[in-house]
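Working notes, beginning with the structure itself.
The values are calculated or read from the model by the stated rules, or taken from the named source; none is laboratory data. Keep in mind it's a predicted model, so treat the numbers as computed, not measured. Quick reminder, even Gly has a Cβ in these numbers, built from the backbone with ideal geometry, and neighbours come from all protein chains shown. Accessible surface is based on the protein model in full, side chains and every heavy atom, while ligands, DNA and RNA are left aside. Shrake-Rupley method; radii C 1.70, N 1.55, O 1.52, S 1.80 Å.
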Amino acid sequence: MKKRLRNISITFRMMQHCLFRPTKRSRNRVREIPGEDEVKTYDYSAHIRDVRMMRARARSGVTQSGI
């Protein structure tokens with residue numbers, strides 16, 4: 001009995017054959033948990049806050065040289 005041919009994407013085929021699965025050695029490696037000081041974070045609200053401050057300055061008429 002022949003297997004029916006289907007149009008399958010290359011990505012789906014790779015995922016079916018587990019080509020993206022990491023090796024046993026890398027999966028079982030013990031990783032150290034970084035300390036609180038070593039973790040870098042990104043301030044997502046910084047841009048929103050900056051835009052709000054720029055609008056407030058523009059409304060009040062204050063410029064950089066006028067401070």
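Of K40, K24, which has the most accessible area and how do the rest follow, probe 1.4 Å?
If we order K40, K24 from most to least accessible, we get K40, K24.
So how much slack lies between F12 and T41, counting 0.36 nm per residue of separation and subtracting their Cα-Cα distance, in nm?
Net length gain for the segment: 7.1 nm.
Taking all protein chains in place and a 1.4 Å probe, what share, in percent, of the accessible surface of the stretch 21-64 do carbon and sulfur account for? Spell out each step's value before the answer.
Working: 2590 of 4980 Å².
C and S fraction of accessible area: 52 percent.
Starting from the Cα of R21, step 7 Å along the direction of its Cβ; do the same at S60; then give the gap between the two resulting points in nm.
Distance between label points: 6.2 nm.
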